[in-house]
1. Do you know which residues across the stretch 1041-1063 are surrounded by 19 or more Cβ atoms within 10 Å (Cβ to Cβ) and either under 18 Å from Ile161 (Cα atoms) or among the small types (Gly, Ala, Ser) (or both)?
2. Kindly list the number of the only condition in (1) at pLDDT 75 or above; (2) part of a helix (DSSP H, G or I) that fails for His736.
3. Kindly indicate whether Ser1080 is modelled with pLDDT of 80 or more, of a type in the set (Ser, Thr, Tyr), in a helix (DSSP H, G or I) and farther than 30 Å from Glu179 by Cα.
4. Consider the stretch 617-635. How many of its residues are farther than 23 Å from Leu527 by Cα and touching an Asp or Glu at 6+ places or on another chain (Cβ under 9 Å)?
5. Identify, from the list Ala681, Ala698, the residue that is outside the structural domain of Glu599 (by TED's automatic domain parsing), crowded, with 19+ Cβ neighbours inside 10 Å and not in a strand (DSSP E or B).
6. Return yes or no: is Lys1129 in a strand (DSSP E or B) and either modelled with pLDDT of 75 or more or closer than 25 Å to Val81 by Cβ (or both)?
7. Kindly provide the set of residues from the stretch 523-550 that are small (Gly, Ala, Ser) and closer than 15 Å to Ala603 by Cβ, ordered by number.
8. For the stretch 640-654, give me the residue count where each residue is buried (at least 22 other Cβ atoms within 10 Å of the Cβ) and on the phi > 0 side of the Ramachandran plot.
Amino acid sequence: MHIEEVCIDGFKSYAKRTVVPDFDPLFNAITGLNGSGKSNILDSICFVLGISNLTHVRASSLQELVYKQGQAGVTKASVSVTFNNEDRSRSPVGYEHCDRITVTRQIVIGGKNKYMINGATAQPTRVQNLFHSVQLNVNNPHFLIMQGRITKVLNMKPPEILGMLEEAAGTRMYENKKEGALKTMVKKQTKVDEIDKLLEEEILPTIEKLRKERGDYMKWAAANDNLERLRRFCIAYDFVKAQEAVEQANAETGNVEEKIIECRNAIEDAGREATELELHMQRLQAEKEERMGAEMKDLITRHDQMEKDIVKASTALDNKLSEVKSEQKSRDKLLKTAADMETAEAKRAEKVASLEAEAAAEAVALAEKEAAAEMAERTLQGVQSGKGTGADKSLQTQLADAVAAQSACDAEVKSAALKIKHVEKELIGARKSLSAKEKEGEKLAKELGAAEAAVEKARAKLANFGGCTTDKASDLEATCDKINNEVNELQNEVDVLNSKLVDCDFKFTDPEAKFDRNRVKGVVAKLVQVKDPATVTALEVVAGGKLHQVVVDTDVTGKAILQKGQLKKRVTIIPLNKIDSRTATDKQVAAATNVSNGEASLALSLVTYDDDVKNVMKYVFGKAFVCKDQSTAKAVAYDENVLLNCVSVDGTMFNPAGVISGGSRQTTNAVLPKLHALYKAEAALADAKSRAKAASDAAKEALNESKEAQKLEDDLDRQEHALGLLKEKISSSEAHQLAEKVRKFEQDLFDAKNATEEAKVKKTEAEKTAKMLEQEIKNFEKERDSRLKDAEKALKDARNSVTKARAQIKEKEEFVTNARVEKEAAASERAALDEQIAAIDVAITELQVEADSMHKGVSEKRELFDVVTAELEERRARVAACDKEISTLLKRKSKLESDSVEQGVEMKKLEHRISRMEKEEQDAKDHLALLQKEHQWIAGESSMFGQPGSDYDFKKRSPAQAQRELAECEEAQATLGKRVNKKVIAMFDKAEAEFKELQEKRRIVLSDKERLEKVIGELDEKKREALVLTWEKVTKDFGSIFSTLLPGTQAKLEPPEGCGVLDGLEVKVAFGDVWKESLSELSGGQRSLLALSLILALLLFKPAPIYILDEVDAALDLSHTQNIGRMIKQHFPFSQFLVVSLKEGMFNNANVIFRTKFVDGNSTVTRTTPALKDKEDNTRPDAPNALAAAASKRRAAGSKGKEN
């Protein structure tokens, strides 16, 4: 990112709107006369960057930044800076999509100032974050070098120079954090002291006093509890007696009601069954007539035709199988022929291999004979030249070499003897000294062995430890926290969904002691789940109010809950043993499917449920259809073979009676979607809890194991440290040094003796060689002619042997070529045979596929034939069964009508009896109601009344005796209650809670203090590491830049003598190889160059996209100014520089020059390009190629930085 354009309006000396356009992405220079406004351009950029220290822009308030402080009619100042953001690798965070970023800041005299980014108003923090993300923090301006800063650098003391490195390294934040942590520790200690004082002076004395009062109160409360138990025992006995009377009357009434219900149900069932029997008989009669019609004849015709087709297909299948067998026989013959050819081919291969081996042997023999011929030729040449037999040197030269070797060996023997004498003398002295230190050496050796054994033992323990490490334990703990957060979120979701389904909760109290709540199944809506969420609306319309009805196992349970369950709202109960579970018949379902073309489904098939509530679901969803749309629902509902309620997916219901209901429905009140979401959330919650438990167990186990592993690692570190100290001690001991000296002397003595022996052996060999050569010289002169003839003959014989061998090889190669040709011909025949076999395999496969297809067709026809046969037999059997079933149904109908009349008479008798019993039962209920109203605790403890072993065991304790004890206890308790503090329990609990709360606060404060101390240690270590790295990099760049600006010099930063890097740093300078003792020896220009080099080295440590330099070359001559320009290009190739200067040397290196003038009280700016830059087309900063190259360099540098 770099500056592309600056627009100034009303800022300092720029009264009118002034645009400074087309900044170069690399090097820009600004020049002009003093007071013409050149530095104000830099001030305007700092103003947009959000500078808060106005002294950097030579102002004391924001009002001074407005032209003439608003006294010339200009009341506001506005600066807009446009940044080029095409290089995405250096883009600010969150602005990667913008090619240009325009940041504007505006101030108004007497008003507020504001920021805008790309024309939209932005908060100052957002602008600061934008610039901080690309290292442009104008309030810590390492990229900003304003007037006068250079002259201050060399006057800094070592701690101040170190402070500059801290700013560059970013360790100032470490010091800030450390100061904050120390202040917090002081506050924490003060808090601990306050807590200790409060505990000692107030809380503990108060707790002790209340503890005594609580003892007195507990005695009184115990007696009061005994009194209450006596009182409740007596009331319970009275209640039980009244309840027994009610239950006795209720039991008789219930029995009579059950008999009446049974009679009424029997009459209704008989009438319903008689109606069904009549309809059934009509259907059977119609079915019989239907089955005896033309359909039966068609079935018989189909049966005969299918039998003929099966015979025809079976014959075709047999013919096809015969063709398959014929092809398989042909394939077997070809395979046998292929096997024979394979055997013959193996024999040919063996023959070819044998011939090739013989040819290879002949070639080896030929090579040997050629070598022999060459040797014979060399021998002949040696004899002719007088050198000897095949030798490269003459015999006289060889003899001289042997004599020289003897002399060299004599010299080596003498030198080794002198060395042996010297080493033996030194060895004797060293051994004497070592024997005097032998005891010390043995002691150190034992200590070393013991230390090494301890280290190996510690390593073995650590290696055998299979537990978890500290890092893994931390990861598991983080995973556990994440899953627990997930559990909390899911629990909240389940709670919210439950709160929306309060209407589906059925709450009741147990109607009797030890009541089994599993007998109550719950609300219908919670017993069902929808398969397809799209049908939810239709299913709610089908179910209607039945969704909120309660399902119980029997009618007895339902009656008990209605009477004694203390229900808070009116409910309808569905007993499973009495519900009508009949659904749509198979014929109705088939007719609906046929009419709707499969787009109508029985509502029961669209839900899932448990088997124990199957009858309830049939009752609710078994007699209605759900259709895709209204037209389908209408067609199905009014079809004469269906005649059941039909509901479309949007909730419109069609009743066979002609009633249509529908219209707007409030989906927000729908129950089934909420239940579906609740079930899904509960399943996810159960899974998350399971995973949370597993993660927690694993984290606990890993934590324990990591502690054990840490102990083993600490033990190993201690042992290794002790071993290292012992080795250092041994290596520095006198005994060890003497032993090393003795071993060295012994090795030198051994090497010298070996050298002596080797020299003697070499001398002996040289003597033998010399004698042999002397003898050979004598013999050679005598036998020269005979040797010459022998050599010529040997050469002729060798050449004849080579000629014969070559002829034999040629003959062998012809045999091998013929054998290979035969082998290749056989291979071609075998390939043709393989193609025939493959073709037959394909034919067999195709025939087999056709046979399989025909076999499948025959099987399908036979299966269809069997089905038709079975259907024909079934129809014949069903026609016969219809007659028999109609006769049975007539008899059953007559029996039902007779039973119905008898049940009606019995029911009248029972109704007269129950009216008399209800009056007696009401009197007993009134007495019970009075007891329950006066004593509310009866409702919760009535289940224990009269139970053996309980507080209300009337057999174990006499009720009459209990009444007498009650009167005595009430009188004694009234006297004791006047002296007891009845609020002491609450007071004690409050005081104890305060004590625990303070103890917990104290523990937390101490824990926080310990963590802060640890943080301080970590910050100090991080600061040290960062400063050392920064110092090493900055001092290296400092020397490089200074030597570039002033050749032949060196510069560095180093700590003062006797101090470390963290104590401070001072500047050292050398001219040539001579280091100056003081910087006062430097001239003013040299001092300015040195300060500028240090500042630029600090900038180079943490490069920024933009650097602003204001007259940094003020004290330098032209040559040094030019050096600065070249140095900037060399060391900062990826940053944009804005330099204010009055020196022409700086302009020679700038790509763009902006010149300022002061005209009529207003500053103006003109842009120029140096003449040299205009001629360099490929390097012009405004040329597309140059911009592209600069962008590519930035991207490369960015990617390299990321990799590092």
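1. Ile1041, Phe1042, Ala1051, Leu1053
2. Result: His736 passes all but (1).
3. Spelling it out, it is not the case that Ser1080 is modelled with pLDDT of 80 or more, of a type in the set (Ser, Thr, Tyr), in a helix (DSSP H, G or I) and farther than 30 Å from Glu179 by Cα.
4. Going through the stretch 617-635 one residue at a time, the tally reaches 5.
5. None of the others qualify; the one that does is Ala681.
6. Considered against the rule, which asks whether it is in a strand (DSSP E or B) and either modelled with pLDDT of 75 or more or closer than 25 Å to Val81 by Cβ (or both), Lys1129 comes out as no.
7. Ala525, Ala534, Ala538, Ala543, Gly544
8. Within the stretch 640-654, residues that are buried (at least 22 other Cβ atoms within 10 Å of the Cβ) and on the phi > 0 side of the Ramachandran plot number 0.
The values are calculated or read from the model by the stated rules, or taken from the named source; none is laboratory data. Values in this document were obtained by computation on a predicted structure and should not be read as measured data. We place every Cβ from the backbone using ideal geometry, glycine too, and count neighbours over all the protein chains shown.
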